[in-house]
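Below is one structure, written out as structure tokens, with a few remarks after it.
The values are calculated or read from the model by the stated rules, or taken from the named source; none is laboratory data. On a predicted model such as this, the values are computed, not experimentally measured, just so you know. Cβ placement follows ideal geometry from the backbone for every residue including glycine, while neighbour counts extend to all protein chains displayed. With ligands, DNA and RNA removed, areas are computed over all heavy atoms of the protein, side chains included. Shrake-Rupley method; radii C 1.70, N 1.55, O 1.52, S 1.80 Å.
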Amino acid sequence: MSNEKKLHVRYTLLALIPLVLFFVIAGGTVLYSPHNNTTHLISFFLALTLSIIFELLIFRFQILPNFVELDKTRQISLELEQGARLLVRRDLELTRVNDQLSELDAAKAGFITVVAHQLRTPLSGVKWTLNLLLKGDLGALNEEQKGFLLKAYESNDRMISLVNDMLGADRVESGSLNYSFSAVLFADVAHKVLQEMLPLAKARKLSFRLEPEIEHLPQVYADPERVRAVLQNLLENSLKYSLPPGEVVISGKAEGTFVRIGVTDSGIGIPRDEQKNVFERFFRAENALKLETEGTGLGLFIAKSIIKRHGGKIWFESDENRGATFFFTLPIVKFNGQLPRKEGTMST
Ligand code: ADP
């Protein structure tokens, strides 16, 4: 029976109670003393009064509405229970789908790692052979041949850096990127990276400037290899996304318990509506895609993970066509209690 029908039956029964009461009292009196008219009259009025009181109790003083409310509450709690059960079921389904997605993601990451590893060895072989040819170790080459080989060498190099980025991003995601922390002078890292990148800057008719404060920064608690990778990525981006002539400035400042590094260029900048995605995997802004077709969109994703692992932050300020400044922070050694004792550089 539906809830509405049940309620109907209950209403009818309740409405019948005073009537039944009346008949029971009046009828009972007639049966008990059939010839006493005064008793009949008294009992008739008594039965009438009682049935009216009962009627009033039920309908005026809301005994009935209470039943209705009770029924409504019961109905709501039933619906809530059903809803909760549905939610639990959905939650289980979502967890199952999520697990499946994680498994697929892991399989995909594994596949990428295997492919990237397999590619790296032959690419290194090609690089080595091209190098021999270009140096003339395998016989003299004319200028035209050299020109073609140089192009092949550069393409091969780009493939190697793409494969390295893919492997780097994969390690970042799986958390298997190894770190070796020590007390590091950022200036040492910066000098090394600049030395390596000078030829690229010259080729692009751009220049680097290291601000003098860099030399006086306190030691940071960092993995020098990983910091080198971050700085290299930021500098490469500054060169890639700038038009000559231009200057890339590296600045540094000690702020509280951190050192803050800035890399400023006067290049194409990053459009406002795309800024939120800059640290996402594989993201490349529209203006960057037009200017520089080479790129994976993985560099900043990796850089962010590295800086986070150091306990620092990475962010940027930019406007389209007005250049960009990328900042990152690294913890200063003397404020960091985790430096291994054997390094002998921990101060109190
Ligand atoms: P990639 O340079 O290989 O595309 P990154 O992860 O290093 O990948 O950078 C992601 C995107 O962020 C770039 O494609 C570009 O759109 C934007 N970007 C990064 N650095 C700069 C910069 N200095 N100036 C302008 N855009 C930048």
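What to note about this one:
- Filter result (more than 25 Å from G295 (Cα to Cα) and open to solvent by 80 Å² or more (accessible area, probe 1.4 Å)) within the range 165-190: D188
- V172 being closer than 25 Å to N233 by Cβ, within 43 Å of the chain's Cα centre (by Cα), hydrophobic (A, V, I, L, M, F, W, C) and at pLDDT 90 or above: no
- Residue check for T257: surrounded by fewer than 15 Cβ atoms within 10 Å (Cβ to Cβ) and closer than 23 Å to P331 by Cβ: yes
- Of the residues making up the range 301-323, those that are under 24 Å from the mean Cα position of the chain (by Cα), open to solvent by less than 20 Å² (accessible area, probe 1.4 Å) and either near the ligand (Cβ under 10 Å from one of its atoms) or assigned by TED's automatic domain parsing to the domain that holds G168 (or both) are A303, S318.
- Candidate set: the range 262-276, residues that are more than 8 Å from the ligand (Cβ to nearest atom) and touching a Lys or Arg at 6+ places or on another chain (Cβ under 9 Å); chosen: the one least open to solvent (accessible area, probe 1.4 Å): G262
- Cβ pairs under 7 Å, 6+ apart, first in the range 274-294 and more than 16 Å from D319 (Cβ to Cβ), second outside any loop (DSSP other than H, G, I, E, B) and more than 8 Å from the ligand (Cβ to nearest atom): F279/K304; R281/A169; F283/N277; E294/R158
- Residue that is farthest from the ligand (Cβ to nearest atom) [pool: residues in the range 277-297 that are open to solvent by less than 30 Å² (accessible area, probe 1.4 Å) and not polar (S, T, N, Q)]: E292
- Among the residues of the range 191-207, the ones that are open to solvent by less than 50 Å² (accessible area, probe 1.4 Å), of a type outside the set (V, I, T) and in a helix (DSSP H, G or I) come to 3 in all.
- Subset of the range 137-157 (residues that are within 23 Å of A203 (Cα to Cα) and open to solvent by less than 70 Å² (accessible area, probe 1.4 Å)): G147, L149, A152, Y153, S155, N156, D157
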